[in-house]
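Take a look at the structure set out below.
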Amino acid sequence: MSTRTHARSIHFIKKRADAILSELNIRSLPVKIEDVAKALGLRVTPFAFDDDISGVLVIENEQGYIGYNQNESRVRRRFTIAHECGHYALHSTESKMFMDKGFNAIFRSRQSGLTEETQVLEREANTFAAYILMPDHLLKKEIDQIDFDLGSEDDIKNLAKVFDVSSQAMYYRILNSGLLRF
Ligand SMILES: [Zn+2]
């Protein structure tokens, strides 16, 4: 694995996700993440992993495979597939194997037991997942349509339902999006 100490900018990752979405002409919600993975050339397979493994990405002979934990909730499975797509789109020159354990702390800036470099890659894959599942222009449209209140659990929950993501993922996506004016 090559070493990289600096992180890619959110802008770079967002542009990569947007380019993939527009190439695939994805405009409706929720984003069909398995179709995105397939369009990237990835094979996606459910597995009965041990509880703490959410997903894996393996690249072998130029072919990428995503395995996801079939026992997790749908929003978790969707996020896992999106996260592995992120590793593939951003990190395939850096490693051919990613194994992801529990995304309970997905938006924590630091995860214990991971090297600095791994934490950078994990954060980047999470950012990619957030932008591919909750594309900027579609999120902006939805937020504009309702009188959105970040403090309202119902607003977050409803928006999360539209995008088929967890409320937590939606909350952090909006918080970090710059879409809200305070
Ligand atoms: Zn990962």
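Values quoted throughout were computed directly from the atomic coordinates according to the rules given, and no laboratory measurement underlies them. Small disclaimer: the values here were computed from a predicted structure and weren't measured. FYI the Cβ positions are ideal-geometry reconstructions off the backbone, even for glycines, and counts take in every protein chain you see.
Note the angle between two axes, namely the Cα long axis of helix 136-145 and the longest principal axis of the Cα atoms of the chain, as a number of degrees from 0 to 90, rounded to the nearest 10.
20 degrees
For the Cα atoms of the chain, what angle does the longest principal axis make with the long axis of helix 10-23, in degrees from 0 to 90, nearest 10?
90 degrees
Along region 65-82, what does the Karplus equation 6.51 cos²θ - 1.76 cosθ + 1.60 (θ = phi - 60°) give for ³J(HN,Hα), rounded to whole Hz, x for Gly and Pro?
10, 10, x, 10, 6, 5, 8, 7, 5, 4, 5, 5, 4, 5, 5, 4, 4, 5
Note the full-extension length gain between D144 and T115 as 0.36 nm times their separation in residues minus their Cα-Cα distance, in nm to one decimal.
Result for the pair: 6.5 nm of gain on full extension.
Nearest 20 debye, what's the magnitude of the dipole of region 55-101 about its Cα centre given +1 on Lys and Arg Cβ and -1 on Asp and Glu Cβ?
300 debye
With the dipole of region 10-134 worked out from charges on the C-beta (+1 for Lys and Arg, -1 for Asp and Glu) around the Cα centre, which of V75, T115, I59 lies farthest toward the positive end?
Ranked along the dipole, the leading option is V75.
Cα extents of region 10-134 along the three principal axes, largest first, in whole Å?
On the principal axes, region 10-134 reaches 39, 32, 31 Å in Cα extent.
Could you compute the net charge surrounding L24? Neighbours are other residues with a C-beta less than 14 Å from the C-beta of L24; K and R count +1, D and E count -1.
0
Dipole of the chain, Cα-centred, from +1 at each Lys and Arg C-beta and -1 at each Asp and Glu C-beta, to the nearest 20 debye?
The calculated dipole for the chain is roughly 300 debye.
Grab the other residues whose beta carbon is less than 15 angstrom from that of S9, score K and R as +1, D and E as -1, and report the net.
Net charge around S9: +3.
Determine, for the chain, the count of lysine pairs separated by eight or more sequence positions (or lying on different chains) whose alpha-carbon distance falls under 26 Å.
Lysine pairs meeting the criterion: 29.
Note down the nm distance, to one decimal, between modelled labels 7 Å out along Cα→Cβ at K15 and at Q63.
Between K15 and Q63, the simple spin-label model gives 3.4 nm.
On C-alpha positions alone, give me the angle between the axis of helix 153-163 and the longest principal axis of the chain, in degrees, nearest 10.
Helix 153-163 sits at roughly 60 degrees to that axis.
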